[in-house]
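Before any comments, here is the structure.
The values are calculated or read from the model by the stated rules, or taken from the named source; none is laboratory data. Just so it is clear, the model here is predicted, and its values are computed rather than measured. Here the Cβ is made from the backbone with ideal geometry for all residues, glycine too, and neighbour counts use every protein chain on show.
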Amino acid sequence: MVLKLGGVLGGPSQCRPMLSWLSENIAECHRAADRCAQEASKEHDPGLRRDFLDMERRWLALARSYELTEQLERFMRRPKR
């Protein structure tokens, strides 16, 4: 899993608009949260189950943070009246 932490990065394969990498990171956060939820549902140890659910919550919080950043980016790119 690779989360990109900048708008436009060094190499030609990494030159993407900010919204593109944000959307990719949001999707990856949701996939990671889903994996944590699946692991939690299979876990018999209450402590480990709690850890997986905590990780799921943290991944979802990170996704919400990226979503807010994406919304702000769209707002800032709107034409001024």
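Go through (1) more than 16 Å from the chain's Cα centre (by Cα); (2) modelled with pLDDT of 95 or more for ASP34 and report which single condition fails.
That leaves (1) as the condition not met.
Considering each residue of region 58-81, count those that are without any contact (Cβ under 8 Å) to a residue 12 or more places away in the chain and within 21 Å of ILE26 (Cβ to Cβ), and give that number. Let's see the steps before the verdict.
Step one: filter region 58-81 for residues without any contact (Cβ under 8 Å) to a residue 12 or more places away in the chain, giving 58, 61, 64-65, 68, 71-72, 75-81.
Then keep just the ones that are within 21 Å of ILE26 (Cβ to Cβ); that gives 58, 61, 64-65, 68, 71-72, 75-78.
Total meeting the criteria: 11.
Please enumerate the residues belonging to region 43-75 that are farther than 15 Å from LEU22 by Cα and not charged (D, E, K, R). Steps first, answer last, please.
First pass over region 43-75, keeping only residues farther than 15 Å from LEU22 by Cα: 43-58.
Selection gives HIS44, PRO46, GLY47, LEU48, PHE52, LEU53, MET55.
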